[in-house]
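Just below is one structure, and these are the notes that go with it.
Every number in this text was worked out from the coordinates using simple rules, so none of it is lab data. This one's a predicted model, so the numbers in the text were calculated from it and none came from an experiment. No Cβ is skipped: glycine too gets one built from the backbone with ideal geometry, and neighbour counts run over all protein chains shown.
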There are 2 protein chains.
Amino acid sequence: MGEFELIERVKRRLPRAGPRVRLGSGDDAAIVVPGGATATSVDALVDGVHFRRGWSSLGQIGAKALAAALSDLAAMGAEPGEAYVVLGVPPDLDEDGCLELLDGMAALAAETGTTLAGGDVTRAPALTLSMTAVGHAEGPEDFVTRAGARPGDSLVVTGELGGAAAGLLALEAPPPEEWSSFSPDSEQKLDHPDVVGGLVGRQLAPRPRLAEGRALAAAGATAMIDLSDGLATDGRHLARSSGVGLEIDAGALPLAPGVAEVAAAAGRDARELAISAGEDYELLFTIPAERWDAAAAAADVALTRLGRALDGEGLRFTAPDAADLDAVRGYEHL
Amino acid sequence: MGEFELIERVKRRLPRAGPRVRLGSGDDAAIVVPGGATATSVDALVDGVHFRRGWSSLGQIGAKALAAALSDLAAMGAEPGEAYVVLGVPPDLDEDGCLELLDGMAALAAETGTTLAGGDVTRAPALTLSMTAVGHAEGPEDFVTRAGARPGDSLVVTGELGGAAAGLLALEAPPPEEWSSFSPDSEQKLDHPDVVGGLVGRQLAPRPRLAEGRALAAAGATAMIDLSDGLATDGRHLARSSGVGLEIDAGALPLAPGVAEVAAAAGRDARELAISAGEDYELLFTIPAERWDAAAAAADVALTRLGRALDGEGLRFTAPDAADLDAVRGYEHL
């Protein structure tokens, strides 16, 4: 298979290009008329590091690579625009496999209004997807960086935490049907297939919080980051960029359903799992207290107030038994 | 080493950001105010496919990855703007090695006025560099695509061909000092170290023809492509995109000094080598005959008229003994 032929086959499967895109894939470069300011992020997924081909369909892998890149745009409050993919193809992945992967990516692109505007294909020892995502806003001041948090701002997170990490644990050691054995305090058995399926879905098929990010930016979020590397790592990034400390109520962490049970079965502390593990792709943001109502009204997702920004640096967890959580580290991709 | 620490070390070594860049590396995304139209290209180099670590310094590898990406911008006639790098780091490359590689990239970025505006670092089984390059113009019509060639246009190439391929042959089998043995018809011995060094330099340290591309776009080039995959492959791309055929005088190919000798020593036909092999990163373009003088005056590089565009499709080589060249194929990266 030649790169040119693969690209021709892929082009026929792509959704219609967005209005800013004047020339898509197939020339030396894509031509775009941005019309305002752009936010550009790059991200890579490597087989054996960020996913396992045995656990995911190729379509899921393609979609997850795009989701991770778009999640960075969500954290800027950007409107998704164009994405570019460099596909490193190992010897055991044929043309149909490449197309399956790109079909999954194209489906998420269509769902999010993203144009797959270009790409490159090369041989590689392991399946590698390097994504570039470009988002838009009317002006550079419309984007929300990590650097705007001020002491006194509320610290808030979207959705639920720990789901992707629990999904990974469930993939590594599938839990037995008898859920109550994991959760001796629970009177009620959980609906096992649905709950495990939900957790595994968080791991294998994350969705970027694009609409939520834009709504929160418009509502006055002062700093924002997506939780790709976990609350411990990404929270510290936000704190360091803003020059503030973050005080977090460890009792307030919004654990996804089933996280407590899967963590217990694996001998892990659920809160520590939710803090240290990444890939939830939720948004962590700060916002002045008086804007809280506007944010809650604007965001089409549950928001949880985790704590607040204050003078100082780093993270501090509050709760009667949370002292040891201060030392928890998230993971970084190297 | 954490990704964050590496990025901090890298940031301290980067040249000053360009005027369009409002926020560089270190947030979820870089913020740019393009101000007109953008041309965006992605490109990847993989160890063992596009380079060998034993032949190149790490700095050369970093610079070559950026050069290949910028060459696509040159072929659009774009002003270089921002570049983003995804670095896949194998177990045997340490932090100092990463910095050496990025220093080489940063030096070419400074030389070309490109801002390294973001990046990602991940573990990988082999050293992998995925580059995204963004170039600028006042409007989308200022870019030169592959699609504008018209029958009757002259077909022109910048600089010299075959140098990178001959450099690769010289690396694979270093020629002996006695150059005249390769070139029995030559009366004069070539200056061996300089000539071989020049060819090897074309292979290991290519330079994108950015200024030339912009000058040729302004002078009226109707279609343009960079010769990354060789005249046979890239010429066919231009012909197909424009819906024309290309007639090429095989006797006019501007071979780089030493290509004939190295090809002969390797039992290869020099013209076939120059047509089929890539990585010369010269620009191939079409231009109306009446614009030829303007192009020659504007471009600060030798231009060679190879032939012309005509009704039809594909490539046709003319010259008394050139019939077999029509079948020559270049290489594609898969």
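Across peptide A:140-147, what mean number of C-beta atoms from other chains lies inside 10 Å of a residue's C-beta?
Working: counts 7, 2, 1, 6, 2, 7, 4, 3.
Going residue by residue through A:140-147 and averaging, the value is 4.
So which helices of chain A fit the span-like rule, where a helix is a whole DSSP H run, its Cα atoms reach 20 Å or more along the axis, and its mean Kyte-Doolittle is at least 0.5?
Once both thresholds are applied, what remains is A:58-76.
If you average over every viewing direction, what projected area does the convex hull of the Cα atoms of the stretch B:49-118 give, in nm²? Intermediate values should be presented prior to the final figure.
Working: hull surface 19.9 nm².
About 5.0 nm², averaged over all directions.
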Using a 7 Å offset from the Cα along the Cα-to-Cβ direction at both B:Asp194 and B:Asp324, what is the distance between the two label points in nm, to one decimal?
3.4
Ordered shortest first, which distances in nm separate the 7 Å Cα→C-beta label point of A:Ala173 from those of the other copies?
5.8
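Quantify how strongly other chains surround peptide B:80-88 by giving the mean number of their Cβ atoms within 10 Å of each of its Cβ atoms. List each step's numbers first, then the result.
Working: counts 0, 0, 2, 0, 6, 2, 10, 4, 9.
Mean inter-chain Cβ contacts per residue within 10 Å come to 4.
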Taking only DSSP H segments of four or more residues, each worth -39500 (n - 2.57), what value at 222 nm results for the protein assembly as shown once the sum is divided by all its residues, to the nearest 500 deg cm²/dmol?
-10500 deg cm²/dmol
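Taking the Cβ of B:Gly314 as the centre, find all other residues whose Cβ is under 11 Å away and add up their charges (Lys, Arg: +1; Asp, Glu: -1). Working shown, then result.
Values: positive: B:Arg236, B:Arg240, B:Arg316; negative: B:Glu247, B:Glu313, B:Asp326.
The answer is 0.
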Between A:Ala110 and A:Ala218, what is 0.36 nm times their sequence separation minus the Cα-Cα distance? Round to one decimal in nm.
36.5 nm
Convex hull projection area averaged over all views, chain A, Cα basis, nm²
17.6
For A:Asp92, which inter-copy label distances result when the label point lies 7 Å beyond Cα on the Cα-to-Cβ vector, reported in nm to one decimal and in ascending order?
2.3
What FRET efficiency comes out for B:Asp269 versus A:Trp55 if R0 is 51 angstrom and r is the Cβ-Cβ distance? Round to the nearest 0.05.
0.55
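Fully extended, how many nm does the chain gain between B:Glu8 and B:Asp249 (0.36 nm per residue separation, minus their Cα-Cα distance)?
81.5 nm
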Label spacing, shortest first and in nm, from A:Arg305 to its equivalents in the remaining copies (7 angstrom along Cα→Cβ):
7.7
Count of lysine pairs in the protein assembly as shown with Cα separation under 29 Å (8 or more residues apart, or interchain)
4
What per residue convex hull volume, in Å³, do the alpha-carbon atoms of the protein assembly as shown yield?
153
